[in-house]
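A short write-up of the structure that comes next.
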């Protein structure tokens, strides 16, 4: 939810700018930049400058599995955050419960069991979908 809230003001500004540009028939996105740097000359960049091997790390060497692990941990974090929200937020009692049931145990028992014991259910994707704005869950 935090990421979405950070994106909202720039998106709204862009929408307002594009609406104003449509009314005045000028597009501010196509105007010359006033920034101290300029965009690279895209008409001078050739496909030969960027070989497919530059993207080898995406498909080779297990990167896809590593990326899945990032999504899995994000889902667990969103689900745990939803538990905190449903139980009164970041209170002393909730923090102590999290410390006692998860943090203090480290890798001494099955992690899925620790998550189930803490939240009272198996991991759910719903809170992650809500956090990404993909569901009305």
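Here, each number is a calculation from the coordinates, and none is a lab measurement. What you are looking at is a predicted structure, and each value in this text was computed from that prediction instead of being measured. Note that each Cβ is placed from the backbone with ideal geometry, even for glycine, and that neighbours are counted across all protein chains shown.
Side notes on the structure shown:
- Relative exposure of 135, 104, judged by other C-beta atoms within 10 Å (fewest first): 104, 135
- Label-to-label distance, nm, for residues given as residue 77 and residue 109 (7 Å Cα→Cβ offset): 2.5 nm
- In this calculation the C-beta distance from residue 93 to residue 130 is compared with R0 = 25 Å, giving a FRET efficiency of 0.50.
- Sorting 115, 98 from the fewest to the most surrounding beta carbons within 10 angstrom yields 98, 115.
- Annotation: Cα Rg of the stretch 63-131 relative to the compact-globule expectation 2.2 N^0.38 Å equals 1.15.
- With neighbour counts taken as other beta-carbon atoms within 10 Å, the residues 74, 109 rank, fewest first, as 109, 74.
- Distance-filtered residues of the stretch 117-137 - backbone nitrogen under 12 Å, label point 7 angstrom along residue 101 Cα→Cβ: 117-122
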